[in-house]
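The values are calculated or read from the model by the stated rules, or taken from the named source; none is laboratory data. Computed from a predicted model, the values in this text were never measured in an experiment. All Cβ positions, glycine included, derive from the backbone under ideal geometry; neighbour counts span all protein chains shown.
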């Protein structure tokens with residue numbers, strides 16, 4: 001069960017779990033409470049916890065992951081070089097065409113552009129895993145199932161060619177399998193029965209999936225930072241009995257905050273409430 005608690009500060013300690021006899025592995029300034037939880041006096045990014053859970057369930061450490069952008073860029077460069085004359089990649093070809101620029105300048109721009117694409121694919125898999133899964137299955141669609149605009153559809157084909165080139169499950173596939181295993185084998189990660197994450201302002205969709213998997217056999221509490229309890233309640237009321245809002249063009253809550261400062265400060269927490277689809 002994932003529960004969301006309102007919180008207006010980020011100074012509370014974060015509980016993390018270890019085995020009963022693992023005192024020698026505790027970080028500095030950590031103590032074991034009466035419930036067996038470990039209370040760490042400093043904040044630890046949720047990325048570390050989630051990354052460790054996915055690595056334990058998938059058996060692949062980040063240091064060996066061929067889909068890390070700094071490694072995926074090299075097969076992606078090969079694919080771009082091979083495919084650049086093809087019509088489907090005309091948009092990228094036009095971007096890389098330096099006209100009368102020196103070869104060294106064109107090569108540098110080519111690498112930086114492809115590296116940017118590798119970073120984009122990595123973020124897509126984390127923030128929009130449903131979209132990446134659709135691409136892998138042959139559908140040029142976004143995470144809501146809508147067709148991609150013609151000018152961006154080439155990214156889906158480029159992703160599929162990269163997926164065929166790298167002989168390992170891509171991050172979105174690995175996330176799916178890891179979450180299924182975390183639900184079936186919760187003992188894979190040493191965490192307490194009650195897990196609390198504090199000071200959150202946003203969570204990628206991939207992190208939400210992992211936390212929901214961990215919550216299958218644990219109480220997972222998210223303490224979210226937001227500037228206005230009233231805005232939080234209004235968003236909850238406006239979206240009651242509605243499916244998760246994925247596209248910003250479908251966001252019916254964007255105009256709820258009348259104050260511009262509140263609209264800016266509350267942007268992240270409002271979108272987190274929309275996209276998270278967890279119980280308020």
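A few comments on the model shown:
- In region 198-225, the residues that are in contact with a strand residue (DSSP E or B) (Cβ under 8 Å, 6 or more places away or on another chain), surrounded by fewer than 21 Cβ atoms within 10 Å (Cβ to Cβ) and in a loop (DSSP other than H, G, I, E, B): 201, 215, 218
- Flag if residue 142 is touching a strand residue (DSSP E or B) at 6+ places or on another chain (Cβ under 8 Å), closer than 30 Å to residue 89 by Cβ and assigned by TED's automatic domain parsing to the domain that holds residue 95: no
- Residues being surrounded by 15 or more Cβ atoms within 10 Å (Cβ to Cβ), touching a strand residue (DSSP E or B) at 6+ places or on another chain (Cβ under 8 Å) and either outside any loop (DSSP other than H, G, I, E, B) or not assigned by TED's automatic domain parsing to the domain that holds residue 268 (or both) - total across region 226-242: 1
- Qualifying residue in region 7-26 (condition: at pLDDT 50 or above, within 24 Å of the chain's Cα centre (by Cα) and part of a loop (DSSP other than H, G, I, E, B)): no
- Looking at region 87-179, the helices (runs of 4 or more DSSP H) lying wholly inside it that each contain 3 or more residues that are within 23 Å of residue 246 (Cα to Cα) sit at 103-127, 129-136, 154-165.
- Residue list for region 180-197, restricted to those being farther than 25 Å from residue 225 by Cβ and either in a helix (DSSP H, G or I) or touching a helix residue (DSSP H, G or I) at 6+ places or on another chain (Cβ under 7 Å) (or both): 180, 181, 182, 183, 184, 186, 187, 188, 189
- None of 72, 57 is at pLDDT 90 or above and under 14 Å from residue 191 (Cα atoms) except 57.
- Close pairs from region 72-86: first outside the structural domain of residue 111 (by TED's automatic domain parsing) and free of Cβ contacts under 8 Å to residues at least 60 places away in the same chain, partner surrounded by 14 or more Cβ atoms within 10 Å (Cβ to Cβ) and in a helix (DSSP H, G or I), Cβ under 9 Å, at least 6 apart: none
- In region 146-165, of all residues being more than 21 Å from the chain's Cα centre (by Cα) and at pLDDT 95 or above, the one that is surrounded by the fewest Cβ atoms within 10 Å (Cβ to Cβ) corresponds to 164.
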